[in-house]
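Colleague: Please read through the structure below; I'll follow up with questions.
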Amino acid sequence: MRFAGSIKREEIIQMVRALSATWRIKGAGVDPSDTQTSGERGGERTITVYGQNAVLYGDDSDRSAAENLAEAVMRTRIVSVQVVTSQDAAIPKGTLEIRVSRP
């Protein structure tokens, strides 16, 4: 979970909680089993994802899940633009990465 721009960490936490009903979201620090420190809770704010609204996947077998997650992210209304899917060889099989940003 990475985010940038005017999105507030609290918004990310709310989005993750909404998605957690059907998705296992790791790395956002809102799940008690997540071992991140309190300073890392709510995903990672990073300028490197500014302008991106995507769900990344690594293996072709994860494409359908990435498309479903992208639709779920859009339903949260965290961003008002299309959330696309994109293949990235750096993403391990069975893992998806959410990247969202707002100006």
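Here is a yes/no grid of residues against (1) in contact (Cβ under 8 Å) with a residue 24 or more places away in the chain; (2) in a strand (DSSP E or B); (3) closer than 17 Å to Y50 by Cα:
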position	(1), (2), (3)
L69	yes, no, no
I78	yes, no, yes
V81	yes, no, yes
T85	yes, yes, yes
V100	yes, yes, yes
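Colleague: Evaluate region 80-88: report whether one residue or more is surrounded by fewer than 19 Cβ atoms within 10 Å (Cβ to Cβ), more than 16 Å from A18 (Cα to Cα), under 12 Å from the mean Cα position of the chain (by Cα) and of a type outside the set (D, E). Give the derivation first.
Modeller: The first filter runs over region 80-88 and keeps only residues surrounded by fewer than 19 Cβ atoms within 10 Å (Cβ to Cβ), leaving 80-82, 84, 86-88.
This time we only want the ones that are more than 16 Å from A18 (Cα to Cα), so: 80-82, 84, 86-88.
Remaining after also requiring under 12 Å from the mean Cα position of the chain (by Cα): 84.
Cutting the leftovers down to of a type outside the set (D, E) gives us 84.
Within region 80-88 (the criterion being surrounded by fewer than 19 Cβ atoms within 10 Å (Cβ to Cβ), more than 16 Å from A18 (Cα to Cα), under 12 Å from the mean Cα position of the chain (by Cα) and of a type outside the set (D, E)), the answer is yes, since at least one residue qualifies.
Colleague: Within region 19-52, take every residue that is more than 21 Å from Q82 (Cβ to Cβ) and assigned to a helix (DSSP H, G or I) and give me the one that is modelled with the lowest pLDDT.
Modeller: Looking at the filtered set, the residue picked out is S38.
Colleague: I've got another one for you. Residues in region 53-61: is at least one at pLDDT 95 or above, surrounded by fewer than 17 Cβ atoms within 10 Å (Cβ to Cβ) and part of a helix (DSSP H, G or I)?
Modeller: Yes - at least one qualifying residue is present in region 53-61.
The values are calculated or read from the model by the stated rules, or taken from the named source; none is laboratory data. This one's a predicted model, so the numbers in the text were calculated from it and none came from an experiment. Using ideal geometry, Cβ is built from the backbone for each residue, glycine included, and neighbour counts are taken over all protein chains shown.
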